[in-house]
Amino acid sequence: MTTESLNTSGRGKKWLWFHRFGSPAWVYGFANRWAMPIGIVALLLFVVGLYQGLIVAPPDYQMGDSYRIIFIHVPSAWLSMFSYFVMAASAGIGLVWHIKVSDLVARSIAPLGAMFTFCALVTGSLWGKPTWGTYWVWDARLTSELVLLFLFIGYIALSNAIEDRRTASRASAVLALVGVINLPIIHFSVEWWNTLHQGSTVTKLGRPSIDTRMLIPLLIMFVAFNFYFLSAVLNRLRCELLSQERRTQWVREIVHG
Amino acid sequence: MAEFFNMGGYAFFVWTSYAVVAVLFTYQFLSSRAQHKKLISQLGAEAEHKIGRTNKS
């Protein structure tokens, strides 16, 4: 290689890293490389978090052992909202700049988001029965979280209902963006309305109102859930990329190799 | 050990919650890994089929 060509590639490097995110082949390679290692990190964190949460942490003085549902309820609820935010942002980027990878990221997230929302609702319901005496109440927090589940399901249904790929991603991106209004409603519902659901435990300003021995497993589980989410998105994204790009050269090279 | 499984009398609520999350998370992970494998072999077979047809004609 001549010095001249080295200089040219050096000048282009500044932007090279950014452009790769739009390249299906590069993103596929990245997802393929990292999905499993990140999943293994998540698994290890789950083991440590479950041990800390179910065995090391003491029972609550009021709720006894039923409070241990918190270690899966709070991370599920966080991910239900975080995944919606990332899905809507990604769909929005795809809508404005016509980036295919962006649309596929949103498509990959949707079923995961529905799963996290479902988990948050079920674990919350199973925690509500012994604590409040009821599985369900039309409380603002619970209702807005249920709306979130319908938004995810609506997104999935809409993006699969339209035959034309580009129309489908455009229509579902608009739905996802309109639904973002629900996120602050979920977050502030415990402050705006006098609800049965309690306020925030951990992110409260000042000292969190939770014992350290309970806070540590909660934080470990929180990180574990986020790693799981990342790994799961990469897993789904490689499938979406392969099936959307099946006619391209890079996919042919992969399936033959 | 029995005390651990009893969860202070809340066994049903605690273990059902953990079971639902564990089953869904595991199923989701394994099924998308399996789907990827299937896609690779399916697309490979499709491509081979096409090459076979072009060679014949």
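A few comments on the model shown:
- Each Lys or Arg adds one and each Asp or Glu subtracts one; over the other residues with Cβ under 15 Å from the Cβ of A:P184, this totals -1.
- ³J(HN,Hα), Karplus 6.51/-1.76/1.60, whole Hz, each residue of region A:75-92, x for Gly, Pro: x, 5, 5, 4, 5, 4, 7, 4, 5, 5, 4, 5, 4, 5, 4, 5, 5, x
- Accessible solvent surface per residue of chain B, calculated while the other protein chains remain in place, 1.4 angstrom probe, Å²: 69
- In this structure, B:A34 and A:A89 have a Cβ-Cβ separation that, at R0 = 30 Å, corresponds to a calculated FRET efficiency of about 0.55.
- Accessible area per residue in Å² at 1.4 Å probe, computed on chain A: 53
- Shielded residues, region A:121-141 - accessible-area loss of 30 Å² or more between chain alone and all protein chains, probe 1.4 Å: A:L126, A:P130
- Relative contact order (%) - criterion: Cα under 8 Å, at least six apart; region: chain A: 32
- Take each residue in B:16-29, count the other chain C-beta atoms within 10 Å of its C-beta, and the mean is 6.
- Counted residue by residue at 0.36 nm each, then reduced by the alpha carbon distance between them, the extension gain from A:H197 to A:I40 reaches 53.1 nm.
- Close amide H contacts of A:T248 (hydrogens built in the peptide plane, cut-off under 5 Å, sequence separation of 5 or more or a different chain): none are found.
- Ordered by 1.4 Å accessible area with all protein chains kept, B:Y10, A:Y155 run largest first as B:Y10, A:Y155.
- Shielding by other protein chains, A:50-62, mean Cβ within 10 Å: 1
- Net charge of neighbours whose Cβ lies under 12 Å from the Cβ of A:I70, counting Lys and Arg as +1 and Asp and Glu as -1: -2
- The figure for A:R170 is an accessible area of roughly 120 square angstrom, using a 1.4 Å probe on the protein chains alone.
- Measuring r between the beta carbons of B:L24 and A:L230 and using R0 = 22 Å, the FRET efficiency lands at 0.80.
- Counting only residues at least eight positions apart within a chain, or on another chain, the aspartates and glutamates with an alpha carbon under 18 Å from that of B:K37 are A:E240, A:E245, A:E253, B:E46, B:E48.
- Chain A against chain B buries an accessible area of about 3200 Å², both chains summed, 1.4 Å probe radius.
- Percent carbon-and-sulfur accessible area, the protein assembly as shown, ignoring ligands, DNA and RNA, probe 1.4 Å: 67
- The helix-only estimate of mean residue ellipticity at 222 nm for chain A, built from DSSP H runs of length n ≥ 4 each weighted as -39500 (n - 2.57), is -26500 deg cm²/dmol after division by the residue total.
- Burial of 40 Å² or greater, region A:218-257 residues [accessible area, probe 1.4 Å, versus chain by itself]: A:Y228, A:N235, A:R236, A:R238, A:C239, A:L242, A:R246, A:V255, A:H256
- Dipole magnitude for the protein assembly as shown: about 1220 debye, using +1 per Lys or Arg Cβ and -1 per Asp or Glu Cβ, origin at the Cα centre.
The values are calculated or read from the model by the stated rules, or taken from the named source; none is laboratory data. Computed from a prediction, not measured in an experiment: that's the story for all the values here. A quick note on method: Cβ atoms are made from the backbone with ideal geometry, for glycine too, and the neighbour counts reach across all protein chains shown. Areas reflect the complete protein model, heavy atoms only, side chains present, ligands, DNA and RNA absent. Shrake-Rupley method; radii C 1.70, N 1.55, O 1.52, S 1.80 Å.
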